[in-house]
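Structure first, then comments.
The values are calculated or read from the model by the stated rules, or taken from the named source; none is laboratory data. If you're wondering where the values come from, they're calculated on a predicted model, not measured in any experiment. Glycine gets a Cβ as well: all are built from the backbone with ideal geometry, and neighbour counts include every protein chain shown. Please note that ligands, DNA and RNA were not included when accessible areas were found on the heavy atoms of the full protein model with its side chains. Shrake-Rupley method; radii C 1.70, N 1.55, O 1.52, S 1.80 Å.
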Amino acid sequence: MARRRLGTAGATPHVTAQPRRRRRTRGFVQVASTVAAERLRLNMFGHAYVGVGALVIAILFYLALAAQITQSSYDISRLQDQQRQLIAEQDQLRYQEVTLHAPAQVQQQAAQSGMQRLVPSNFVVGPPVAIDLTAPLGGSPADTTPLWMRAVATVVNAVGGTRDVMAATKH
Amino acid sequence: MLVVAAILAGMVWSRLAYWQVFEHGKLAMQAQAQYRELVELPALRGAIFDRNLTQLVVNTTVYSAFISPDQVASADRDRVATGLASVLGVDKANVMTTLASKSKFAYVQRRLPKAKADQLRALKLPGVGLQEETQRAYLPGIASGTTLAANLLGFVDWSGKGNYGLEEKYQQVLAGTPGYISSYRDLANREIVLGSHTHQDPINGQDLVLSVDANIQYAAEQALADGVKRDNAESGSVLIMDPNTGGIVAWADYPSYNANDFNHTDSALFKDSVAGTVYEPGSVMKVVTLSGAINAGAIAPNTVINDPGVISVGGYRIYDWDRRNHGNVDYTSVLAHSWNVGAIKAMQAEGHAAFYNNLQAFGLTKPSGIDVGGESCLLPPAAEKMSDSQYATASFGQGIDVNMVQMLAAINVVANGGKYAPPHVVERVGTHINPLLLQPQRQAISPDTAAKMTEMMKQVVQKGSGWTSRIKGFELNQAGKTGTSQIPVNGQYTQDVWTSFVGFLPAQHPKFTMLVVIRKPHYPGSDGDWTLNDGYMTAEPIWKTIAQSIVVDWHITPDPH
């Protein structure tokens, strides 16, 4: 309702347009030819000359267009040939690139640079893992920190932000 | 007069009618052939990548130079011949002979690189043309005369057909479907691009992604070549597998060839020895025999037997390799020291039928089905047709023929917790994953049996014939087995041998399984001591060298103890 009210409020009353009377218009060519015929008052030969002239112009236009098309087709052919050459060059470059990364080439370059592959003679033994991954899961151990230390820590943490350090402290 | 004119006119009209009506179809075709051209649009052949997407094969454009002698004027012949001889290095006299023949077409040289084609084009020689062609270019291998993984990949011949290896097996997938274009040509034989066309786009071939690792492949080829030369062997092969998937990591043959120059290569080198040659696996088979017997509950690793060093089966006396009485020994020692009598006794304890079923479970009674062209197989006879002595010799790997793919897939059952992983090389075709990878693997033996056999194979490295394969840091964590078998010629065993070593590492959580086979080694000093040709002196050091490379490349660490 509101929408309808809003929609209708302030709207101008709809006015139905009266149908226009369609006037019969004559085309430009029709008008031009009528005017030309009236002014030139051409005889039969004149009409023939104009006709032949128009035909010659049309033929010339067609020939020009055909020549242009032929020229374009040769251009396209030339560009296609160029494209083929570029693709051939691209293939060659791709092979060079792949060969540069081939193990044989890498080894050769490494050898030229004085590098050689060494067989590891020893394995570094890692330190024992601090976290016991096999321990059963359970609740966190009770906090045994004295009350006064926790109070101090609250103040210090609030200022210094060492919460992570506290979290990492071994209980 | 009128009649004569009418007759003449009638003759002309009838002749015209003959050409225009009766011969219309034929003449129309001839005319079309002059101005219409059907050009095939070749499909781009798919590339091949390794598991790290290193491209192993690249399509390159090459040119074939040709001459049309009938279009070369006599005055120009010398200039044309001189130009071709200077750029292409062909014999000038031969070119002059061809030019004098007045034939329509003759190739001067095939498959020129672009640089030479450009030089030739710049000379603008009359009657000389260049034909574009596509050529596969393979990565360089360990030596200048080889390409990487040549025996695995195969090659594509000049007609675009894949030969050998993956190029042959996946010809349809890689080649794609060529398209065509039907167009008009002008008097100068130039294409009228904007004329009427019928056009069908080609469907390019699909790429293959392999399970092969190019770096490991290279390391394997290098170690194999060095090893074969050191052992004075006839040839050798290496096959490495991912234990969990069955994907082939490396596939090396020595001697190999240059796939980029296949037309100048001895065709005998094209044959791949990994899948295309069968051999008697020797003592490596004991892993299969003992695994089956343990799985059937017939024996246990600590079961003690008496091994006098010889046993009579089916009228034949079969000896241990050292022909010594070993007394009471357990099966772990039997495997560690590779005693034939123990293997025969295990087979007998299990029974013939169970032993044969075991061969089937390990995939040794049918082709491996690997997706590489040219797999050879010599399947064992049916169970009921095998004699006692055949069962006995088969239990330690003589009198039974396998190819390397079959043998490695069988041993990999132990590394893969008792499951048979179907061997394959191609992981993806285009965007599709190889369906083999999505299928559940068949359980050939129980995981418990596989674990027991792994422990026994570890003892081979720690206490037995596998000592030369030990890798620093993995001494307690390495499983393996040697094999040596005599090569039969005309039904008689000769002194020449196949030697092999198979193993996986780390033993508990294997990252790879590898089999090395050397054919006819003549290790220095082996004339006086034939055991120097055994697997522990020939195949094992090669295995060790390659394994060290894999450990470094794949950052493999020993299992925690």
Starting from the Cα-Cα distance between B:T198 and B:W554, subtract it from 0.36 nm times their residue separation and give me the gain in nm to one decimal.
-> 122.8 nm
Between A:T99 and B:Q172, with labels modelled 7 Å along Cα→Cβ, what's the label distance in nm to one decimal, could you check?
-> 3.5 nm
Rolling a 1.4 angstrom probe over the protein heavy atoms, how many square angstrom per residue are accessible across the stretch B:272-424?
-> 33 Å²
Label-point separation, B:A93 to A:V56 (7 Å along Cα→Cβ), nm = 6.7 nm
Compare each residue of the stretch A:39-74 in its chain alone against the assembly with all protein chains, and report those whose accessible area goes down by 40 Å² or more; 1.4 Å probe, heavy atoms.
-> A:S73, A:Y74
Counting only DSSP beta bridges with both residues in the stretch B:40-210, tell me the antiparallel percent, nearest 5.
-> 95 percent
So what J values fall out for the stretch B:272-279 if you push phi through Karplus, 6.51 cos²θ - 1.76 cosθ + 1.60 with θ = phi - 60°, rounded to Hz, Gly and Pro as x?
-> 8, 8, 6, 9, x, 10, 9, 8
Out of B:L364, B:F105, B:A293, whose Cα points farthest toward the positive end of the dipole of chain B (charges: +1 Lys, Arg; -1 Asp, Glu; placed on Cβ)?
-> B:F105
Student exercise, chain B dipole from Lys, Arg, Asp, Glu Cβ charges, in Debye to nearest 20 = 960 debye
Longest principal axis of chain B (C-alpha) makes with the long axis of helix B:285-295 (C-alpha) an angle, in degrees to the nearest 10, of 60 degrees
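Using protein heavy atoms only (no ligands, DNA or RNA), what is the total accessible area buried between B and A, 1.4 Å probe, nearest 100 Å²?
Result for this pair: about 2600 Å² buried.
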Quickly rank B:359-368, B:232-241, B:265-274 as a protection proxy: mean count of other C-beta atoms within 10 Å, highest first.
-> B:232-241, B:359-368, B:265-274
Any chance you could run the full-extension gain for B:K366 through B:S14? It's 0.36 nm times the residue separation minus the Cα-Cα distance, nm to one decimal.
-> 119.3 nm
Of the listed pairs B:K286/B:K472; B:K458/B:K544; B:K229/B:K271; B:K458/B:K481; B:K161/B:K366, which have alpha-carbon separations greater than 18 Å here?
-> B:K286/B:K472; B:K229/B:K271; B:K161/B:K366
Kindly write out, for the stretch B:220-227 in residue order, the coupling ³J(HN,Hα) from the Karplus curve 6.51 cos²θ - 1.76 cosθ + 1.60 (θ = phi - 60°), rounded to whole Hz, with x marking Gly and Pro.
-> 5, 4, 5, 5, 5, 4, 4, x
Got a number for carbon plus sulfur as a percent of the stretch B:40-210's accessible area, 1.4 Å probe?
-> 52 percent
Net dipole in debye of the protein assembly as shown [+1 Lys, Arg Cβ; -1 Asp, Glu Cβ; about Cα centre; nearest 20] = 4280 debye
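Add -39500 (n - 2.57) for each DSSP H run of 4 or more in chain B, then divide by its residues: what number comes out at 222 nm, to the nearest 500 deg cm²/dmol?
-9500 deg cm²/dmol
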To the nearest 10 degrees, the tilt of helix B:447-463 (Cα long axis) against the first principal axis of the alpha carbons of chain B is 80 degrees
Got the relative contact order for the stretch B:300-401 handy, in percent, Cα pairs under 8 Å and 6 or more residues apart?
-> 25 percent
For the stretch B:442-561, what % of the accessible area comes from carbon and sulfur atoms, probe 1.4 Å?
-> 54 percent
Calculate how many DSSP beta bridges within the protein assembly as shown are antiparallel, expressed in % of all such bridges and rounded to the nearest 5.
-> 95 percent
Which FRET efficiency, nearest 0.05, do A:V31 and B:H24 yield, Cβ-Cβ r, R0 51 Å?
-> 0.50
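So what is the relative contact order of the stretch B:170-309, in percent, for Cα pairs below 8 Å that sit 6 or more residues apart?
15 percent
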Compactness index (Cα Rg / 2.2 N^0.38 Å), the protein assembly as shown | 1.50
Rounded FRET efficiency, nearest 0.05, which uses the C-beta distance separating A:Q83 from B:A353 and R0 of 51 Å | 0.15
